[in-house]
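Okay, structure first, notes after.
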Amino acid sequence: IHDFYEGKREELRQNIERKQALLDEVKAFNAALEASSTKTWEELTQTLLKFQEDWKQIGFGTKKENEELWVAFRQECDAFFARKKAFFEGLRSQFDEVANAKRKLIERVQALKDSTEWKATTDAIVKLQQDWKKLGSAGQKSEQLLWKEFRGACDSFFNAKQKHFEESDKQNETNLVAKLDVIAKIEAYVVGDDRRKALDDLRDFSAAFNAVGKVPFKEKDNVYNAYKT
């Protein structure tokens, strides 16, 4: 009987030693705690949960010491989660500030998306896109929704711009054919004895040429020089 109870007391004593060692480890863990990202906090949380699981696996110790160690261990755990909570509350506040700033950018790009001042508006929207990147993330909850709205307004403008210039390019090609036709008629024209008629015809050719709109930029000089010649 004496040996049995002596064995029990030794078991309790060893449990207390193991809990004290684990408590010291958690204290050191908290003292060295540094975390500046959600990923790091999640990794550290898993470590602390492992400490708690290890604590549960250790049996009881003598009542008084066991209670004292449990209170100290729980305080260390509470201190960890208090710091984690403060970090995420600060992060949420930061995300809210970024989200509000991005909503203002959305309002600005929404006001520009229907503009036909292509050069000036392009420069302005590109600047807004750069400002968006500099703001950083608004958090997992808001970022994708805000980005979808912002990008939609940007795409609306750039799609309209692309359509405009595609139509303009087609018209310029048509204008090129029309101006070349006028030049061909001038080249084929034979000046007769009636100088007044010749001058009138020249004015008609000039009016016809000038009435045609722009040609593709790369052809502009060639067409004008051919007309002038």
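The values are calculated or read from the model by the stated rules, or taken from the named source; none is laboratory data. What you see is a predicted model; the values in this text were computed from it and never measured. Because the Cβ atoms are built from the backbone with ideal geometry, glycine has one as well, and the counts that use them run over all protein chains shown. Note: areas computed on protein heavy atoms with side chains; ligands, DNA, RNA excluded. Shrake-Rupley method; radii C 1.70, N 1.55, O 1.52, S 1.80 Å.
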Given pairs Lys104/Lys134; Lys185/Lys214; Lys84/Lys133 and cut-off 23 Å on Cα-Cα distance, the over-length ones are Lys84/Lys133
Bounding extents of the range 71-113 in its principal axis frame from Cα atoms, largest first in Å, are 61, 9, 6
Tensor-based shape of the chain (alpha-carbon gyration tensor, a/c under 1.5 rounded, otherwise prolate or oblate)
prolate
What residue among Lys185, Lys170, Lys113 has the largest mean-square fluctuation in a Gaussian network model of the chain, using Cα springs under 10 Å?
Lys185
Taking the Cα of Ala178, stepping 7 Å toward and past its beta carbon, and measuring to each backbone N in the range 187-229: which are under 11 Å?
208-215
Lysines with Cα under 17 Å of Lys85, excluding same-chain neighbours fewer than 8 positions away:
Lys39
Roughly what angle does helix 195-211 make with the longest principal axis of the chain, taking Cα atoms, 0 to 90 degrees, to the nearest 10?
10 degrees
Return the tail of the calculated pair distribution for the range 1-55, meaning the percent of Cα-Cα pairs more than 17 Å apart.
52 percent
MRE, 222 nm, helices only [DSSP H, n ≥ 4, -39500 (n - 2.57), over the chain, to nearest 500]:
-29500 deg cm²/dmol
Length-normalised contact order of the chain in % [C-alpha pairs under 8 Å, at least 6 apart]
17 percent
Would you mind checking the tilt of helix 118-135 against the longest principal axis of the Cα atoms of the chain, expressed as 0 to 90 degrees and rounded to 10?
10 degrees
Kindly report the accessible area of the chain per residue (heavy atoms of protein chains, probe 1.4 Å, no ligands, DNA or RNA), in Å².
72 Å²
Using 7 Å Cα-to-Cβ label points, what is the Cys77/Leu91 separation (nm, one decimal)?
2.2 nm
Note on the range 117-165: alpha-carbon gyration tensor, axes a ≥ b ≥ c; rule is a/c under 1.5 for rounded, else prolate if a/b larger than b/c, else oblate; result oblate
The range 20-93 -> Rg/Rh from Cα coords, Kirkwood Rh, value 1.03
